[in-house]
Amino acid sequence: LSRPCATRLATPWPSTCAEPMIDLVCATRMSPEEFWSKGALGLSLRRLHHESRLRPRIYFENKLGLPLLYNQRIVVEDASPVMAFIHDDVWIDDHFFFEHVMAGVTAYDVIGVAGNRRRLPGQPSWAFANLKFEWDDRSQLSGAVAHGPSAFGPVSAFGPTPADCELLDGVLLAAKREVLLRTGLRFDERFEFHFYDMDFCRSARAAGLRVGTWPIALTHQSEGGFSSNGWVQSYQRYIGKWGD
């Protein structure tokens, strides 16, 4: 297990920064050198080197499921008051990222950048209505995410944001740590990558928490791995757990 440690980030991160307020939690297969020199998130954080209130918590050379690592970070003693869980293939285009995340978790218990206002029986994604991968009605969708290999990619606008949602895209999920500890909300470790975000949002709603989208500018390099063997297995576990 690669432990997330701020001391490993000495070169790209200023040594004089004040105590940060947001843990930016990410797991990556990359080495530290690759992450900081080539990775979308690593390069984004280098660009935001002035932002002393962000604390990168990176699990390098990782081979474990995201929920296991995310849950570990929630309960450590030195965790920040706000937790932002993010993929490594994300460009942070928003240089007001800290302010926007803080505003979002003040308005909602759990936030993301894209989501769905409703749930449908058997739906395979926050955005799709059925196993034919047909988009849900646009009136039900919220948020925006850019896509592409480089920062500031073409924007996919799904619908008005902020908005109350039932499901969020796991590319970025954020919440106050106090909310997670008080309610016992955690990521289900049976979902190593696929469906952990949908399951997390359903668990949050079952706990009576408010879930919603918030305007934060990101570019995601990936558009998902639907129908792979790992995805199909996770979908079966998800339906087995929730029944619909």
Inset, instruction - Determine the percent antiparallel among the DSSP beta bridges restricted to the chain, to the nearest 5. - result: 60
Inset, instruction - Would you pull out the residues with amide H under 5 Å of Asp93's amide H, same chain only if 5 or more places away, H placed 1.01 Å from N? - result: Leu218, Thr219
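Where a ≥ b ≥ c are the square roots of the eigenvalues of the C-alpha gyration tensor, would you call the stretch 104-244 rounded, which needs a/c under 1.5, or, failing that, prolate if a/b is larger than b/c, or oblate?
Values: a/c = 1.42, a/b = 1.03, b/c = 1.38.
Judged from the Cα gyration tensor, the stretch 104-244 comes out rounded (a/c under 1.5).
What's the longest uninterrupted piece of the chain once you rule out the trypsin sites (Lys or Arg not before Pro) that are loop residues per DSSP with at most 10 other Cβ within 10 Å?
Excluding the exposed sites themselves, the longest stretch runs over 133-244.
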Inset, instruction - Please check the chain for the longest run free of GluC sites (Glu not before Pro) that are loop-located per DSSP (anything but H, G, I, E, B) and have at most 14 other Cβ atoms within 10 Å. - result: 135-222
Inset, instruction - Using label points projected 7 Å from each Cα along Cα→Cβ, tell me how many nm separate Lys63 and Asp164, to one decimal. - result: 4.6
Legend entry - Calculated from backbone phi, Karplus (6.51, -1.76, 1.60) coupling profile of the stretch 201-206 in Hz, x at Gly/Pro: 5, 5, 5, 5, 5, 5
Inset, instruction - With label points built 7 Å along Cα→Cβ from the Cα atoms of His49 and Ser156, find their separation and express it in nm. - result: 3.3
Inset, instruction - Rounded to the nearest 10 degrees, what's the angle between the helix 229-242 long axis and the longest principal axis of the chain, both from Cα atoms, 0 to 90? - result: 70
Legend entry - Segment Leu120-Asn71, extension gain: residue separation times 0.36 nm, minus the distance between their alpha carbons: 14.9 nm
Inset, instruction - Skip the ligands, DNA and RNA, and give the accessible area per residue of the stretch 48-100 with a 1.4 Å probe, whole Å². - result: 38
Legend entry - Dipole in debye (nearest 20) - the chain, about Cα centre, beta carbon charges: Lys, Arg +1; Asp, Glu -1: 340
Legend entry - Between 0 and 90°, nearest 10: helix 66-75 axis offset from the chain longest Cα axis: 60
Inset, instruction - Measure nothing fancy, just the Cα-based angle from helix 97-107's long axis to the longest principal axis of the chain, in degrees from 0 to 90, nearest 10. - result: 50
Inset, instruction - Once you have a ≥ b ≥ c as the square roots of the Cα gyration tensor eigenvalues for the stretch 187-244, tell me rounded if a/c is under 1.5, and otherwise prolate or oblate according to whether a/b is larger than b/c. - result: oblate
Legend entry - Stretch gain in nm, segment Thr183-Asp89, where the contour uses 0.36 nm per residue and the Cα spacing is subtracted: 30.9 nm
Inset, instruction - Averaging sequence separations of C-alpha pairs under 8 Å and six or more residues apart, then dividing by the length of the chain, give the relative contact order as a whole percent. - result: 23
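The values are calculated or read from the model by the stated rules, or taken from the named source; none is laboratory data. Only a predicted model underlies this, so the values are computations on that prediction, with no experimental measurement involved. Positions of Cβ are generated from backbone atoms using ideal geometry, with glycine treated the same way; all protein chains shown enter the neighbour counts. SASA here: full protein model, heavy atoms, side chains in, ligands and nucleic acids out. Shrake-Rupley method; radii C 1.70, N 1.55, O 1.52, S 1.80 Å.
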